[in-house]
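These notes concern the structure reproduced below.
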Amino acid sequence: MKENRFKDYYNKLISNMPYPDQFVVMDKQHFYATEVFDSQVNKSFRALNLCSNDLFCFTENTRVKTAAMEAIDRLGASNSGAHALNGRSIYHQELERDIAQLKGMPYSHLFLNAWMAVAGFVNSYCHFGPPLPGFDLSKPVHIFADTLSHACQMSAANNATKPLGRKAADSPNVHFHLYKHLSAKDLKKRIERYCSVDDRILVLTDSVFSMDADIAPLPEIAAVLSNYNNATLFLDEAHATGMLGTTGKGLLEHYNMQPSDFQSLGIDLIIMTTFSKFAGSAGAAISSFNKEVIDILNFTPTSIGTISLSPPLCAATSESIKLLLGDNELPKRLRRNTQLIRDQLAIEGFEVLGSTPVIPIILPNDIHPQEFARKLLHEHGVWVSAVWYVSKPKIRIVANSELTVKQIDEFIKAMVSVRESFCMPIQKTCIK
Ligand SMILES: Cc1ncc(COP(=O)(O)O)c(C=O)c1O
């Protein structure tokens, strides 16, 4: 009886959630020639891959691949230990220098991914006290996150009342609040409502929001925080790096701001860069102007308690940064392709959110994104992400710098054709 209940629950869960093993990448000659096996129909399809975050196709770049292979040759595929216990490798040091160039922040600490980076930072901010203004542990902490901030920030903030690791203590001094999406005005209202003069304030936001593709209002947030003595601003640049700014450096470049502007305003700026989107790699870095803030990250459990970033991932990221910084045409081509796809979709009457290379497309209510995406793959050889479980149902694609006009045309034609197959007879009223 109990077993049946579990089976029912399990089946319901599986049928409602994406099942990663449904689609298995078998081979990849090029971005547009990815062989995907669909286990539901037991068949492989050769497809144009538009669900990858590989903005500049660096996973296929010879220099990036060679750098990773040379690192394996020299130090092996793994460091087999944590930073604090096994030291750093030359690849960590080189990557930290490259990130300083990319983000204009002198100090960085590397983590395995964004979840570990933000958990490590928020936890050390709340529970470790470097000798800096704004880090006085006797003062209450108020964490404010945008309502649509990525789950890694939400999770870090939710867990922040407890120190990570062995201690079972709880801190009544840590409070977590949400503010309205993109609203510096609402942030200000909530800070005024909840915080006393010397309280510590930590604001968490995506720079580019991963599901809605819109951009954080940085100048307005900075203006609000400049009124407080103990304010720290944490920018999650997972999607912003490569996507925003003339040379792809991220949100600050988009707004023509410098990291030093935040120092002048008395705001501690923390930038999280991740390597799974703009770089042909994986991993994350937390960057700051303060060496002390970065040094304490060595002792946060998501650093000291786990393996450090492997040599090939560090080397691939370093090479990706060099490629990006050495070629302004890359972000330019990415912007051109983004605009072309967004314009074409709009002409065809699709509802498209945001303004960045992340392109969320809202479908008419009665079309399930999973069914839509399946038809695109099976009948047109276009592989997109179907989203219905973490946010408003949609098709989500990510533009890249290497798409050709012909491929974009084929994608648009496929979108129109699949929509028409759902909305017979073909009529524009079907378009929301
Ligand atoms: C805003 C944001 N932050 C963090 C992450 C996680 O990044 P990673 O997988 O590179 O660790 C994502 C992933 O999509 C994201 O969109």
Problem - the stretch 119-138: number of residues that are modelled with pLDDT of 90 or more, under 14 Å from VAL293 (Cβ atoms) and either in a loop (DSSP other than H, G, I, E, B) or within 16 Å of the ligand (Cβ to nearest atom) (or both) - result: 3
Exercise for the section: Considering each of MET116, MET154 in turn, give the residue that is in the same structural domain as ILE215 (by TED's automatic domain parsing) and in contact (Cβ under 8 Å) with a residue 60 or more places away in the chain. Expected result: MET116
Handout entry: Members of the stretch 195-220 that are more than 16 Å from the ligand (Cβ to nearest atom) and under 16 Å from MET272 (Cβ atoms)
Key = LEU202
Exercise for the section: Could you check the stretch 1-101 for strands (runs of 3 or more DSSP E) lying wholly inside it with 1 or more residues that are at pLDDT 95 or above and farther than 28 Å from SER303 by Cα? Expected result: none
Handout entry: LEU233 being more than 20 Å from MET211 (Cα to Cα), in the same structural domain as GLY129 (by TED's automatic domain parsing) and in contact (Cβ under 8 Å) with a residue 12 or more places away in the chain
Key = yes
Handout entry: Yes/no for LEU334 being under 20 Å from the mean Cα position of the chain (by Cα), more than 16 Å from the ligand (Cβ to nearest atom) and within 25 Å of GLY120 (Cβ to Cβ)
Key = no
Completion exercise
Within the stretch 287-314, restricting to residues that are of a type in the set (A, V, I, L, M) and away from the ligand (no atom under 12 Å from the Cβ), the one that is farthest from LYS332 (Cα to Cα) is ILE304
Practice task
Within the stretch 292-328, track down each residue that is without any contact (Cβ under 8 Å) to a residue 24 or more places away in the chain and either crowded, with 16+ Cβ neighbours inside 10 Å or assigned to a helix (DSSP H, G or I) (or both).
Solution key: GLY326
Practice task
State yes or no: is SER149 over 23 Å from GLN263 (Cα atoms), in a loop (DSSP other than H, G, I, E, B) and more than 14 Å from the ligand (Cβ to nearest atom)?
Solution key: no
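The values are calculated or read from the model by the stated rules, or taken from the named source; none is laboratory data. Only a predicted model underlies this, so the values are computations on that prediction, with no experimental measurement involved. Cβ: placed from backbone, ideal geometry, glycine included. Neighbour counts: every protein chain shown.
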